[in-house]
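Below you'll find the structure, written out as structure tokens, and then a few comments.
The values are calculated or read from the model by the stated rules, or taken from the named source; none is laboratory data. Everything quoted here is computed from the prediction, not taken from an experiment. Virtual Cβ from ideal backbone geometry, glycine too; neighbours counted across all protein chains shown. When the accessible area is computed, the model is the full protein with side chains, heavy atoms only, and any ligands, DNA or RNA have been set aside. Shrake-Rupley method; radii C 1.70, N 1.55, O 1.52, S 1.80 Å.
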Amino acid sequence: NQAGIGLQNSRLFESERYQRALNASLIEVATAVSSNLETHTMFQTIMDSARSLLHCDRCSLFLIDHDTEEFWSYVTESDGVEFRFPMSKGIIGQVARDKSTLNIPDAYNVPSFNAEADAESGYRTKSILCMPVVTVEGHMVAVIEMINKLDDGTRSLVEFNSSDEDILTKFTSVIAGALSNSLVFNELEQHTSMVESTLQGITSFIITLDNNGKLKSANHEIEELFGCTESVMRNNSYDSWIKDQPGANIKNNIKKVFEKGEQINVKNEKLFVQAKSGSSLMVNYQIMPLRVEGRKKRYTRRNSSLMSAARSSMSGNMDGVAEIPPVTSPSITPPSPKRSLHSLRKPPQSPSGFSHTSERRPSGLSIGGEDSSDPGESEIEGVVIVLENITEGRLRQSAIERYQRRLNEMEETVKEFSSLKDKLQELEIDDLKDIKPETSRALANIALCLNVPTHSTSGLNSNRLKLRSSFHSIGNEAEMLAGTKGGGLMATGSPSTRGFLLEYRSVLSSKALKNFNWNALDIESEDVLNKAVCVMFDELQIQETWAIPNQKITNLVSTVSGKYRDVAFHNLRHGIAVAHTSFYFIACTDAGSCLNSIQAFALLMSGLCHDLDHPGHTNAFEVNSNSDLALFYNDTSVLENHHCATAAMILKQDDCNVLAGMERDEFREFRSVMCHAILATDMSTHFNLLSKFRDAVHTDGGWNPEQSADKLLLLSVLLHAADLSNPCRQWESSSEWSRLVSVEFNAQVELEKELGLPFLPFMESHDDVSKAKQEISFIEFIIEPMWKDVVEFLPQLDFCLDNIADNKTKWREISNAAAKT
């Protein structure tokens, strides 16, 4: 008897310990699935937890879409790609239909089992435990399927038992509520996204203030409108950030609505744009009370919701805008009984930080108007302000008009200096040798004022000026024209004296840079080289188009310059030479009309950065020497990957981030162009790149500017051609670039011999004959075929073929003369 009692107590103890462990596991599951409402993340957590609890090989979870009567799940647990099929199919269809559990010892004995999946994958399904996932309200949200129970010790296949059914029943009760909440969360996300998209498209500003007069939400950015940051508006009442202005009564009208609870409509009132003093717009606006009905603050959803009020207030301005389904309120039962998640979700934020939908409350709001309840039986929780047709376009137009007025005033002043301008243009540097320094400074400033470029480069999207860019240009115009603003593209006070512009006019003027024969080797000063890059940016309107501060451009060019190493050929001058050739393609050939502003910007940046941190060795040397770079980039386009990554890291720095003004899609396009173009400078891809370009140009229909793949191909060819443009130049500069290449190649061959690495004999050239033969081969096999295709596409470059032929002739003469001696 005592032994029996002891055995029974032991079994009870083990059972209790098992139940405690099971409960602890279920609590962990509940915590895990409740910590993230995103369905795909929760999906993975549920699958992992179920496999672990029941010791089975596989687990499948199929969510139910009652609207379409379909099961849906993910193709794999990690990719997030959905697949769907009818609820009537297979074993899980039977479980969903009967709302009952199926414990199947051998799946192949069940007619509804589909064995085709096993046949295709080679997997053998044996035991199956399938169960519906039902909420406490009786609503079925999913079906879970456990496959192939494993023995704890031997890991062999065994059957699911009643204990497994009990565990899975408890497990499904834990996950049911979380899954239901996740589905509600996703539904709210979709509704919120729809509402935000429509609010963004509305041509009026809709601004909500809380009962303390602080900003609660806005469907557009309003910082420029009221001249202060979002943080100030959210933390302070409107009476501190809406300024008193003559003829503007909006501030007093807001106060009246708070006090009396009655809607106010105003037409044709002046509204001042606080970001720029003196700017104003004539607008219509409505101010409506936002009410809480009843003393118990029972909120209701009405036809006078925020969207309804916006529609009625804007009358004809909403033609073509789709009906917006109201966001489900927590007090309203969703289409299927699901637990509310509003208390767990934060209001979505726009990229600018403004909330584009009202903050979630314990229940819904109504806006005062014809549908509002008696003011005596409701409380005002805030106000809604609808400013009709105040779009960023109108703000921009106001800035443009103000800018035009200032230009007209300047034009009158400039006319007085027209004769002086003519005289300045005739001056040469030699004419200024004996003048006083103060006269030189004065002439430099006048020349700068009278020669601000008009920026008419073909093919660029000049209409792409952003609002903040206009404000920035207007605010800094006087300083920029006077040449006194620190850090500007052509700021005075540089190391090369205040007469910088006049002194280097021959290499920094628009006319000089739009000459293919501009040569970076002729410029000794690194500061002048950096200025030349800044002028290229300026000529292509990059600063204005993307609202880039002057100092950021200066910082970027300076940082890039510092990243080039002191090697014979692949140094800063080569980088700037390739940037200049890219600039020439954009500004002086039909290529400019084929590219949008993002692509032109990316091509110029790619040219500047395409050889950043180049060590003066080839990819073959890096791979053969087992260098860190070769290991890091897996022996594939080692240097090109390194140049591209180095450029990306520089652009990521706050003080060099000239891409901050881009939208996400614009940034992705810029990065795609830059990566494709720089990687295409790898000589191992030369013939494949050229073959693709020929196919695109010569096939039926030809090169298609509407196809993104054709655009990327063109940009890659342009940068590759710019990188290999030295033989296209006149003999004096072309031969000097060739000499520098030979110096770098010879240094690599010497190092390879020293390290016992394989080397290419053609890279070694210690006399005129070998050097000339090297250049002739390079021209005949690489340069001529490529540049013939480039010139066929861009006939404005036909002079390059003449230069190539002349250079090849001169190399032949050198080779023949050296051979005779």
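Only protein heavy atoms count here; under a 1.4 Å probe, Arg671 has an accessible surface of about 90 Å². Scanning residues 5 or more positions from Leu794 or on other chains, none has an amide H under 5 Å from its amide H, with H placed 1.01 Å from N in the peptide plane. For the range 517-653, the solvent-accessible area with a 1.4 angstrom probe is 31 square angstrom per residue. To put it simply, the accessible area of the range 665-821 at a 1.4 Å probe is 54 percent carbon and sulfur. Note on Arg668/Ser593: beta-carbon distance plugged into 1/(1 + (r/R0)^6) with R0 of 25 Å gives a FRET efficiency of 0.60.
Counting only heavy atoms of the protein chains, get the accessible area per residue of the range 704-756 (1.4 Å probe) and round it to a whole Å² value.
Solvent-accessible surface per residue comes out at 40 Å².
Evaluate E = 1/(1 + (r/R0)^6) for Asn211 and Ser52, where r is the Cβ-Cβ distance and R0 equals 45 Å; express this FRET efficiency to the nearest 0.05.
0.35
Split the accessible area of the range 502-630 by element, probe 1.4 Å, and carbon with sulfur accounts for 43%. Computed from the C-beta positions of Ile782 and Asp118 and an R0 of 60 Å, the FRET efficiency is 0.60 to the nearest 0.05. Ranked by the mean number of other Cβ atoms within 10 Å per residue, highest first, peptides 96-106, 531-541, 717-727, 564-574 order as 717-727, 531-541, 564-574, 96-106.
Given the peptides 619-625, 252-258, arrange them by the average over their residues of other C-beta atoms within 10 Å, most packed first.
Order by mean packing, descending: 619-625, 252-258.
Between amide H atoms placed 1.01 Å from N, distances below 5 Å from Lys216 occur with Thr208, Leu209, Asp210, all of them 5 or more places distant or on a separate chain. Averaged over its residues, the range 81-160 has an accessible area of 52 Å² per residue, based on protein heavy atoms and a 1.4 Å probe.
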